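Here the structure comes first, spelled out in structure tokens, and everything after it is commentary.
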Amino acid sequence: MSLDISGLGHAIVDLQFKIETPFLKTLKELDINFGSMTLKDIKSQQELLTSLEKHYPSPLRACGGSATNSIIAASSFGANCHYSCKVSNDNAGNFYKTDLIKNKVINNISPTTSHMPSGQSIIMVTPDAERTMCTCLGISETLSTQDIDSEGIKSAEYLLIEGYLVSSDSAFSACLEAIKIAKENQTKIAFSLSDSNIVSAFHDQIKEIINTEIDIIFCNASEAIAFTKEEDILAAELNLQTTADKVFITKGSKGASVWDGTKLTHIEGFTAKAIDTNGAGDMFAGAVLYCLINRSSFSEAARFACFAASKSVEFFGPRLKLLQYDLIKSTYS
């Protein structure tokens with residue numbers, strides 16, 4: 001089996017709602033941070049879900065999680081992709097596996113019989129296109145070295161790991177083991193910082209992963225600042241140049257910055273009528289990796305990824321339809 005990209009991350013079923021601004025008061029009452037990801041237990045997440053269902057119609061549902069979204073984006077553009085994760089043998093877990101297969105991602109997932117449910121994330125999108133997430137990791141929090149498909153990593157050109165995994169000890173150990181397998185088999189390693197709150201709360205773990213000399217870092221401006229502890233993005237960019245061989249920093253509508261190992265290049269953003277920014281960074285990472293396996297330069301990969309992300313935010317929902325990925329490729333210039 002020859003693969004382009006193998007991913008390792010949380011398996012999360014996304015439940016996406018379109019909410020109105022007044023509902024933000026409820027988020028504050030439930031101690032949920034607007035515009036970021038907040039980890040919650042099963043009871044707290046259910047309280048939020050009950051409150052949402054009183055005001056809004058049924059959510060859009062899709063298999064998700066940061067690395068999942070990136071892997072599906074790369075697969076939808078044409079890459080041969082594989083994924084390792086963990087789900088329970090429940091409705092959410094079986095939906096996740098079925099949806100992953102529908103998106104043409106190879107996997108050896110065997111749902112686990114457990115009292116712990118599969119992971120779910122409630123994603124709330126406000127009229128300004130900002131997304132706020134409330135995530136219960138469920139059994140995904142117990143992902144461990146035993147859940148790694150080592151053959152998938154060995155046969156891939158790239159391994160993609162999401163930063164969210166550092167929030168549990170067993171998943172963090174799985175990250176380190178996956179990196180070891182990749183290095184032993186000349187598989188290049190890409191690491192997404194995922195979320196500024198995660199970076200701040202688990203800074204030592206994030207740093208330990210990066211210190212293994214990974215090949216690519218994906219992050220946005222706030223995550224770059226959180227990791228480097230610099231005061232602004234310009235200083236953070238300089239700091240990151242000494243941290244990894246290649247760095248991609250997304251800046252929303254302003255585009256992205258790329259450190260290719262020798263120079264820093266700024267990529268202008270594309271005009272978009274944004275209605276939902278959820279998953280834009282994941283789309284960017286997936287699009288970059290798709291381009292790199294097709295031997296694009298790092299700056300050209302970033303430019304295509306900015307274009308792809310600008311198109312993804314113009315649609316509401318966890319991901320685009322397959323034909324829309326083809327349209328992105330055909331209209332890019």
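The values are calculated or read from the model by the stated rules, or taken from the named source; none is laboratory data. Just so we're clear, the structure is a prediction, and the values are computed from it rather than from any experiment. In this analysis, Cβ positions are derived from the backbone assuming ideal geometry, glycine residues included, and neighbour counts consider all displayed protein chains.
A count restricted to segment 183-213 and to residues that are under 19 Å from SER2 (Cβ atoms) and of a type in the set (S, T, N, Q) stands at 3. Can you go through THR145, THR113 and tell me which one is out of contact with any His (no Cβ under 6 Å at 6 or more places or on another chain), farther than 20 Å from PHE191 by Cα and either buried (at least 24 other Cβ atoms within 10 Å of the Cβ) or polar (S, T, N, Q) (or both)? Going through THR145, THR113 in turn, just one is out of contact with any His (no Cβ under 6 Å at 6 or more places or on another chain), farther than 20 Å from PHE191 by Cα and either buried (at least 24 other Cβ atoms within 10 Å of the Cβ) or polar (S, T, N, Q) (or both): THR113. Those strands (runs of 3 or more DSSP E) of segment 218-314 in which at least 2 residues are within 15 Å of the chain's Cα centre (by Cα), considering only elements entirely within it, cover 246-250. Of all the listed residues (GLU20, GLU47), the sole one being surrounded by fewer than 21 Cβ atoms within 10 Å (Cβ to Cβ), among the acidic types (Asp, Glu) and touching a residue at least 60 places away in the same chain (Cβ under 8 Å) is GLU20. Just one of (1) buried (at least 20 other Cβ atoms within 10 Å of the Cβ); (2) closer than 20 Å to ILE71 by Cβ; (3) among the small types (Gly, Ala, Ser) fails for SER257. It is (2). Residues in segment 58-108 that are surrounded by fewer than 17 Cβ atoms within 10 Å (Cβ to Cβ), more than 16 Å from GLN16 (Cα to Cα) and among the polar types (S, T, N, Q): ASN89, ASN91, ASN94, THR98, ASN108. For segment 186-224, the set of residues classified as among the aromatic types (Phe, Trp, Tyr) and under 19 Å from ASP282 (Cα atoms) consists of PHE191, PHE218, listed by residue number. Tallying residues that are touching a strand residue (DSSP E or B) at 6+ places or on another chain (Cβ under 9 Å) and among the basic types (Lys, Arg) within segment 44-61 yields 1. Note on segment 95-211: no enclosed helices (runs of 4 or more DSSP H) hold 2 or more residues that are touching a Pro at 6+ places or on another chain (Cβ under 9 Å) and free of Cβ contacts under 8 Å to residues at least 12 places away in the same chain. Restricting GLU157, GLU208, GLU141, GLU184 to those that are within 27 Å of LEU48 (Cβ to Cβ) and of a type in the set (D, E, K, R) reduces the list to GLU141. Would you check if GLY9 is over 22 Å from GLU151 (Cβ atoms), touching a Ser or Thr at 6+ places or on another chain (Cβ under 7 Å) and either surrounded by 15 or more Cβ atoms within 10 Å (Cβ to Cβ) or modelled with pLDDT of 90 or more (or both)? No.
Anything in segment 80-105 that is under 19 Å from THR145 (Cα atoms) and among the basic types (Lys, Arg)? List them, or say none. Passing the criteria: only LYS86.
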